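Note sheet for the following structure.
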Amino acid sequence: MTSTLLFAFQSVRRSSSVFSTTQKRRLSLSCIRLLPEVEQALSSGKPVVALESTIVAHGMPYPQNLELAKDVSRILRDKGVIPATMAVKNGVFRAGLHPDELENLSLAGEENRAVKCSSRDLPLIASKYDHLREKISQEENVHWGATTVAATMRLAHAAGISTFVTGGTGGVHRGGELSLDISTDLIELSLTPVVVVSAGVKSILDIKKTLEVLETFGVPTGVWQSTEFPAFFSPVSGAIAPATFDNAMDVARAYLAGQELGMENGMLVAVPNHDPAGASVEIAIQQALEEAAASGIEGRNVTPFILKTVAMKTEGDSLRR
């Protein structure tokens, strides 16, 4: 094993001079391929918002996933904002997708042409690009990396986009102090200067521990016009908001102040979801948590149990919201 690794390192070192000229220049130009509309908006100072692609590829069945993606884009455009869906297409990082590409992505999950891609996976999936390019020639056979919150943040920042809107962020799983099951989203928030706007953290996770981790990592975290941190389906979680944003200028000033201080972390803005339809899901989550405790289910077994139980109690409604 040691000799194999040494050979690999020596091979990389021998090819570094070539890589640092022609190939490196090519990669620097195509590392993040921006949709022309997105590139034009960024160069002219128009607002651009990043969107994740995991929800499109894996979050919902087709065609509901495509309809959701179109609805979100339409809402943003109605506000004068250009949407930029982040994804990895055949190993190429993308910021913004054409409508036909978005539809292809929405089918890719069910057709096993899309893999969930967190920040750690970005260099791994990119390394397969040349291999895939040789094998894939037809559009319907495109392979996708569907970006999570963490990966979307990283690509958005690389593309020069400072705002990212998503449904919910990951967090510390219940029993995380034993399993160490902590979402990479929290780590990325501590590393990448992007404002993440979400409906908070699902109460299936440990919200209070999640806020503790965010504090430990020095991530500015606040709630939109509320003093209580939201629980994704519900505006109520029992966790006190670290800060409150009364208006958009509060968010902008906080972000810019961090930039002026040289802080390289992101910022989380949690917006409470006041849709009454989420109340039934939240009730089911609390019931499932009580059942898990009564059954002595702990650690890494808690989350799968709750997901399955809540899906049964809500007849699948928790998977659609």
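The values are calculated or read from the model by the stated rules, or taken from the named source; none is laboratory data. Quantities reported herein were computed from a predicted structural model and do not represent experimental measurements. Cβ: placed from backbone, ideal geometry, glycine included. Neighbour counts: every protein chain shown. Only protein heavy atoms, including side chains, enter the accessible area calculation; ligands, DNA and RNA are left aside. Shrake-Rupley method; radii C 1.70, N 1.55, O 1.52, S 1.80 Å.
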* Asked: Could you say whether any residue in region 122-139 is touching a helix residue (DSSP H, G or I) at 6+ places or on another chain (Cβ under 7 Å), modelled with pLDDT of 95 or more and open to solvent by less than 50 Å² (accessible area, probe 1.4 Å)?
  -> yes
* Residue among ALA292, ALA252, ALA311 that alone is crowded, with 16+ Cβ neighbours inside 10 Å and without any contact (Cβ under 8 Å) to a residue 12 or more places away in the chain -> ALA311
* Using the structure shown, decide if VAL56 is under 15 Å from GLY96 (Cβ atoms), open to solvent by less than 70 Å² (accessible area, probe 1.4 Å) and at pLDDT below 95. => yes
* **Of all residues in region 143-168 being of a type in the set (S, T, N, Q) and open to solvent by 10 Å² or more (accessible area, probe 1.4 Å), the one that is nearest to the chain's Cα centre (by Cα)** => THR148
* Hey, any hits in region 155-171 for a residue that's in contact with a strand residue (DSSP E or B) (Cβ under 8 Å, 6 or more places away or on another chain) and at pLDDT below 90? -> yes
* To do: Kindly provide the set of residues from region 170-191 that are crowded, with 21+ Cβ neighbours inside 10 Å and of a type in the set (Ser, Thr, Tyr), ordered by number.
  => SER183
* Has region 95-105 got any residue that is in contact (Cβ under 8 Å) with a residue 24 or more places away in the chain, open to solvent by less than 30 Å² (accessible area, probe 1.4 Å) and on the phi > 0 side of the Ramachandran plot? -> yes
* Structure fact -> Those residues of region 260-273 which are assigned to a helix (DSSP H, G or I) and either at pLDDT below 95 or touching a strand residue (DSSP E or B) at 6+ places or on another chain (Cβ under 8 Å) (or both) amount to none
* If you go through region 196-218 one residue at a time, how many are modelled with pLDDT of 95 or more, among the hydrophobic types (A, V, I, L, M, F, W, C) and open to solvent by less than 10 Å² (accessible area, probe 1.4 Å)? -> 2
* How many of the residues in region 263-278 are of a type outside the set (A, V, I, L, M, F, W, C) and surrounded by fewer than 16 Cβ atoms within 10 Å (Cβ to Cβ)? -> 4
* Asked: Taking region 140-154 as the search range and keeping residues that are among the polar types (S, T, N, Q) and in contact with a Cys (Cβ under 8 Å, 6 or more places away or on another chain), which one is modelled with the lowest pLDDT?
  -> THR148
* Would you check which residues across region 219-248 are modelled with pLDDT under 95 and either among the polar types (S, T, N, Q) or part of a strand (DSSP E or B) (or both) and list them? => ALA231, SER234, SER237
* Inter-residue pairs, beta-carbon under 7 Å, first under 19 Å from ALA311 (Cβ atoms) and among the polar types (S, T, N, Q) and in region 51-75, second open to solvent by 70 Å² or more (accessible area, probe 1.4 Å) and outside any loop (DSSP other than H, G, I, E, B), 6+ apart -> THR54/LYS116
* Asked: Which one of the conditions (1) assigned to a strand (DSSP E or B); (2) out of contact with any Phe, Trp or Tyr (no Cβ under 9 Å at 6 or more places or on another chain) does MET86 fail to meet, given that it meets all the rest?
  -> (2)
* Asked: Could you count how many residues in region 205-227 are over 12 Å from ALA243 (Cβ atoms) and acidic (Asp, Glu)?
  -> 2
